[in-house]
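Peer 1: Dropping a structure here in structure tokens format, bear with me for questions.
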Amino acid sequence: MPLALLALAVGAFGIGTTEFVMMGLLPDVADDLHISVPTAGHLVSAYALGVVIGAPLLAAVTARMSRRTVLIGLMALFVAGNALSAFAPGYDSLLAARFLSGLPHGAFFGVGAVVATNLVAPERKARSVSLMFLGLTVANVAGVPVATLMGQHLGWRATFLGVSTIGLAAIASLGALIPHDHTHAAPATGLRGELAALRSVPVWLALGTTVAGFAALFAAYSYITPMLTDSAGYGESSVTLLLALFGVGATVGNLAGGRLADHSLRGTLFGGLVSLAGVLALFPLLMSTQWTAPLAVVLLGAAAFITGSPLQLMVMEKASAAPSLASSANQAAFNLANAGGAWIGGLALAAGFGVTSPAVAGAALASLGLAVAGLAYTVDRRRVPVAGRQRVVASHVPQEAGALRH
């Protein structure tokens with residue numbers, strides 16, 4: 001695999017670290033800024049809002065630029081946002097800085113996925129995307145725990161300065177390793193043309209699969225700590241290590257999903273969603289003992305992230321006229337799934353169904369994602385014969401008539 005994929009993974013590592021580290025630093029930030037923890041929680045929402053808004057917007061407005069230049073510019077914006085977070089004098093300025101930090105997130109993964117697939121042979125596209133996402137999953141294993149410890153011992157501002165340094169390393173890597181000849185700009189169709197490519201029903205079905213599938217993950221993962229402490233009986237001091245196991249599972253699932261999807265994209269997607277629904281349905285049983293709870297955490301990460309590369313590649317293929325915009329929109333869908341899944345899981349808890357009930361709700365969401373993926377498959381099968389008939393008709397049109405059309 002090209003070394004250029006390493007540069008994309010470094011950027012993904014920095015983005016994954018800054019996205020999730022705030023959750024572990026909320027008490028420290030709240031104490032320092034003299035606000036409540038729930039108020040500090042809005043800093044997580046501000047970042048997610050930045051992702052949802054920035055992903056399609058930045059991908060669309062930069063469509064005519066060199067993708068190498070876009071990636072470097074997005075990481076520069078990432079560095080600026082995290083540096084401003086480190087020096088924010090108060091809550092309002094930190095809220096704005098977190099929003100700014102989230103803006104380049106989705107567009108970086110979206111444009112990066114297009115660049116990654118252009119760097120390899122067609123039969124290795126999904127694997128190339130999974131290697132870029134490797135930075136995101138490794139961030140959950142190493143980046144977030146280390147950054148959290150740094151914040152707890154050196155202050156939360158030091159954490160964001162450290163993340164800014166990772167961003168600078170990513171900029172240097174992108175500049176040195178991403179070749180110019182693989183990062184040409186997209187065809188100059190304009191913003192209207194980019195948006196028109198998203199009107200396709202298959203594109204929206206693919207995005208819907210992302211929302212439902214990853215909402216299933218976050219319905220359970222958002223409440224994994226009380227499951228581990230109240231159901232499995234672990235102490236709070238053990239939770240950090242157990243969450244690192246989730247990152248291990250996510251890393252394994254991501255790499256396996258990339259390899260499998262290069263052989264069968266649909267099969268990998270269906271298999272991943274079925275596995276995710278099964279794991280979540282078994283959560284009440286697996287979380288009942290300390291012996292099986294770690295297994296549940298690993299399996300959750302693996303089953304969820306095995307679908308990451310297939311979904312990203314499917315969206316890009318369905319919107320081939322605007323792959324960067326569609327790929328970035330998929331990242332926005334991922335963050336909508338984050339918020340929606342956490343909300344649905346919270347409803348299950350509030351209804352009094354038990355501490356593991358968010359996982360059961362997640363199993364239902366994974367089944368919904370499987371149904372949407374099945375509908376997308378049916379739509380594709382019905383469109384293929386139509387396309388085939390059009391090609392047959394076109395082949396019988398005299399050349400003179402074809403010349404007149406042009």
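The values are calculated or read from the model by the stated rules, or taken from the named source; none is laboratory data. For clarity, every value in this text was computed on a predicted model and none was experimentally measured. For neighbour counting, all protein chains shown are included, and Cβ atoms are generated from backbone atoms with ideal geometry for every residue, glycine included. Just so you know, the surface numbers come from the protein's heavy atoms only, side chains and all, with ligands and any DNA or RNA stripped out. Shrake-Rupley method; radii C 1.70, N 1.55, O 1.52, S 1.80 Å.
Peer 1: Pick out, from Pro284, Leu6, Val239, the residue whose Cα sits farthest towards the positive end of the charge dipole of the chain, with +1 on the Cβ of Lys and Arg and -1 on the Cβ of Asp and Glu.
Peer 2: Leu6
Peer 1: What order do you get for 255-261, 299-305, 330-336, 309-315 when each peptide is scored by the mean count of other beta carbon atoms within 10 Å, highest first?
Peer 2: The most tightly packed comes first, giving 309-315, 299-305, 330-336, 255-261.
Peer 1: Using only the Cα atoms of the range 96-171, what do you get for the radius of gyration and for Dmax, in Å?
Peer 2: According to the Cα coordinates of the range 96-171, Rg and Dmax are 15.0, 47 Å.
Peer 1: Now a separate question. What whole-number value in cubic angstrom gives the convex hull volume per residue for the C-alpha atoms of the range 217-336?
Peer 2: Taking the convex hull of the Cα positions in the range 217-336, it is 97 Å³ per residue.
Peer 1: At 222 nm, what value in deg cm²/dmol follows for the chain if DSSP H runs of at least 4 each add -39500 (n - 2.57) and the sum is divided by all its residues, to the nearest 500?
Peer 2: Calculated mean residue ellipticity at 222 nm is -26500 deg cm²/dmol.
Peer 1: Considering only protein heavy atoms and a probe of 1.4 Å, how much of the accessible area of the chain is carbon and sulfur, as a whole percent?
Peer 2: That fraction is 69 percent.
Peer 1: Diagonalise the Cα gyration tensor of the range 266-333 and give the resulting equivalent ellipsoid semi-axes, square root of 5 times each eigenvalue, largest first, whole Å.
Peer 2: Equivalent ellipsoid of the range 266-333: 32, 11, 8 Å, largest first.
Peer 1: Follow-up question, since we're still on this one. With N denoting the number of residues in the range 229-282, provide Rg(C-alpha) divided by 2.2 N^0.38 Å, to two decimal places.
Peer 2: 1.46
Peer 1: Sticking with this structure for a sec: Any chance you could list P(r) for the chain, counting all Cα-Cα pairs in 10 angstrom bins from zero, rounded to whole %?
Peer 2: Per 10 Å bin, starting at 0, the Cα pair percentages come out as 5, 22, 32, 25, 10, 3, 2, 0.
Peer 1: Continuing with the same structure: Given Cα pairs under 8 Å that are at least 6 residues apart, what percent is the relative contact order of the chain?
Peer 2: 24 percent
Peer 1: Express the accessible area of the chain per residue in Å², computed with a 1.4 Å probe while the remaining protein chains stay in the model.
Peer 2: It amounts to 42 Å² per residue over the chain.
Peer 1: Any chance you could list P(r) for the range 1-134, counting all Cα-Cα pairs in 10 angstrom bins from zero, rounded to whole %?
Peer 2: Result returned by the calculation: 13, 40, 29, 14, 4, 0.
Peer 1: Beta carbons within 10 angstrom, averaged per residue: use that to sort the peptides 213-219, 134-140, 72-78, highest first.
Peer 2: The packing order, highest mean first, is 213-219, 134-140, 72-78.
Peer 1: Still on this structure, I have one more. Compute from the Cα atoms of the range 64-103 the Rg and the Dmax, the latter being the longest Cα-Cα distance, and quote both in angstrom.
Peer 2: In order Rg, Dmax, the Cα atoms of the range 64-103 give 11.9, 38 Å.
Peer 1: Which net charge results when you count Lys and Arg as +1 and Asp and Glu as -1 among the other residues whose beta-carbon is under 15 Å from that of Gly257?
Peer 2: Computed value for this residue: +4.
Peer 1: Let me know the charge dipole size of the chain about its Cα centre in debye, to the nearest 20, where only the beta-carbon of Lys, Arg (+1) and Asp, Glu (-1) is charged.
Peer 2: That gives the chain a dipole magnitude of about 1460 debye.
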